[in-house]
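What follows is a set of notes on a single structure, which appears directly below.
The values are calculated or read from the model by the stated rules, or taken from the named source; none is laboratory data. Treat the numbers as computed from the prediction; the structure is a model and nothing was measured. With ideal geometry, Cβ positions are generated from the backbone for all residues, glycine too; neighbour counts draw on all protein chains shown. Remember, those area values only see protein heavy atoms, side chains included, never the ligands or the DNA or RNA. Shrake-Rupley method; radii C 1.70, N 1.55, O 1.52, S 1.80 Å.
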Amino acid sequence: MNTTANTFESIRSAIADLEVAPRIEPNTEISPEQAFLPAGHRGVLDLRRQLVVGNRGMGKSFWTHALLNQNLRNKLADHYQHAELKTTEVKVGFNGSVLNDGFAPTVDEVVHLQTETGNSELIWKGVLLRIASSMSGRPVFSLPQSIAALQADPTLYSSVLSDLDRDLFARRHHLLVVFDALDRLGHDWQGIRDLSRALLRLSIGLQSFRSIRAKIFMRVDQFSDRELFKFPDSSKIRNDHVNLIWQPGELYGLLLFNILRSPAGKPALETLASQVNAKAALPIGGGDSRAHLEQQRQLIHAIAGEFMGSNRKRGLVYTWVPLHLSDAADTCSPRTFLTAWRKAAEHLPPPLDRAVDHLGLLDGVRSASQGRLNELYEDYEWISPSLDALKRQFVPMSRDQLFQLWQQNRVIDNIKSSTYGQVTKIPASLTEGSDLEALLEAMKSVAVMEERSNGKINVPDIFRVEAGILRKGGVAVPKRR
């Protein structure tokens with residue numbers, strides 16, 4: 001392979017300048033040029049599947065806001081063969097915003113109305129009534145006024161939505177109402193649970209319409225809440241949910257997509273791909289290249305070398321990086337993956353015969369692991385004391401040993417006392433007691449712990465190393481220097 005140093009330098013610079021996806025905030029606009037389209041995310045955009053479940057950083061808010069852009073919806077419709085997206089009107093039912101600049105209520109408004117009415121389902125009916133009234137040319141009143149109208153006339157909701165559904169169906173159009181950030185629905189888990197359960201029940205009711213659907217994006221810890229789905233017919237939405245995850249080939253496709261977005265990186269990557277006969281691996285226009293994994297592997301090895309050291313014994317770059325960045329669910333967040341590669345491109349001295357090398361990737365994986373753990377600490381503060389109790393202990397360990405360590409370190413008491421009264425900062429299951437089993441289930445739900453077939457509890461390397469937890473057997477991940 002006759003590749004110039006300039007080609008590698010251009011690719012390295014593009015990787016070092018990667019725009020690692022920030023947390024998508026309410027009302028963020030997603031443009032078609034920003035969208036990489038993983039093949040495995042097709043179900044997220046299926047109007048018939050109303051519940052999408054994903055961990056922190058997996059793309060729930062990205063897809064919420066991507067659906068709001070008509071130009072991007074047209075691109076999604078063609079790519080994923082969901083033609084109905086082109087004729088779908090998308091509205092936000094809730095996204096955790098502190099501003100009410102549309103039909104979505106603010107958190108404070110929802111909490112107040114829940115206290116005032118004592119009827120969570122009525123709040124969501126009021127939100128949908130306002131949206132349907134707007135699209136039907138009817139007068140649109142405030143949410144409290146709409147709720148009062150529903151209380152005065154119990155047939156109003158079904159009447160207005162049925163009229164809209166008939167009109168949409170006649171025109172072959174659709175209405176999709178998206179709901180995100182359900183964990184911000186209130187100030188305590190009971191209130192959040194009641195509102196979320198009411199929304200799920202209402203979305204099942206929407207299935208009686210032909211052209212009106214909801215799209216609900218939910219965190220994995222909420223989905224695992226045993227109390228949330230305790231209502232009739234809950235299986236109709238629970239069993240059909242979409243898991244929002246990223247396969248290794250999709251993560252590498254995202255990396256290549258971002259290099260192609262760089263003015264200098266694009267021609268350099270195309271040159272390198274031609275030289276190794278891997279042009280099919282390039283995600284042109286954001287299209288997933290997962291059908292060409294062998295070419296993708298060849299291209300990644302051309303960028304970073306084949307081995308994580310001098311030979312195969314240290315592992316192949318292509319498989320080693322996503323493996324050591326994966327959680328207990330065997331998945332890695334795109335932000336974590338891109339962070340590792342960006343850090344690798346900053347490593348000095350740079351290699352001469354490739355864009356990055358295994359030394360840079362080792363640094364990158366360590367840095368990204370720390371960042372991922374800090375991310376999860378932000379959303380799930382209870383992870384920190386749960387892992388701190390295992391410091392300098394070996395995993396895998398027995399369930400009894402884990403529970404003994406948690407009891408000795410008063411983990412549940414520490415979790416509850418460190419939240420300063422913010423009940424939502426603890427797992428929903430712990431609001432009803434001090435059950436160590438419930439805490440373990442919460443740790444498993446966010447994929448920070450796993451229970452193996454032999455009953456032993458393990459912590460994946462991405463969290464274990466940063467938390468100072470030791471490992472029995474196997475090849476250790478190099479520690480931070």
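Taken along the Cα-to-beta-carbon direction at a fixed 7 Å, the label points for Gln393 and Asn6 span 5.8 nm. Per the Debye formula on identical point scatterers at the alpha carbon atoms of segment 181-323, with no solvent, log10 I(q)/I(0) at q = 0.09, 0.10 Å⁻¹ is -0.51, -0.59. The Cα atoms of segment 318-453 define a convex hull whose projected area, averaged across directions, is 9.8 nm². Using θ = phi - 60° in the Karplus curve 6.51 cos²θ - 1.76 cosθ + 1.60, the 3J(HN,Hα) couplings for segment 377-389 round to 4, 5, 7, 10, 4, 5, 5, 4, x, 5, 7, 4, 5 Hz; x is entered for Gly and Pro. Based on Cα atoms of segment 153-253, Rg over Rh with Rh as the Kirkwood radius reads 1.04. Using alpha carbons only, the radius of gyration of segment 99-174 set against its Kirkwood radius gives Rg/Rh = 1.00. Extent along the principal axes, Cα only, for the chain: 75, 58, 35 Å, with the longest axis given first.
If you plug the beta carbon distance of Ser159 and Tyr377 into 1/(1 + (r/R0)^6) with R0 = 41 Å, you get a FRET efficiency near 0.30. Secondary structure note: in the chain, about 15% of the DSSP beta bridges are antiparallel. Report note on the peptides 115-128, 272-285: ranked by the mean count of other C-beta atoms within 10 Å, highest first, their order is 115-128, 272-285. Computed over protein heavy atoms with a 1.4 Å probe, the carbon and sulfur contribution to the accessible area of segment 140-207 reaches 55%.
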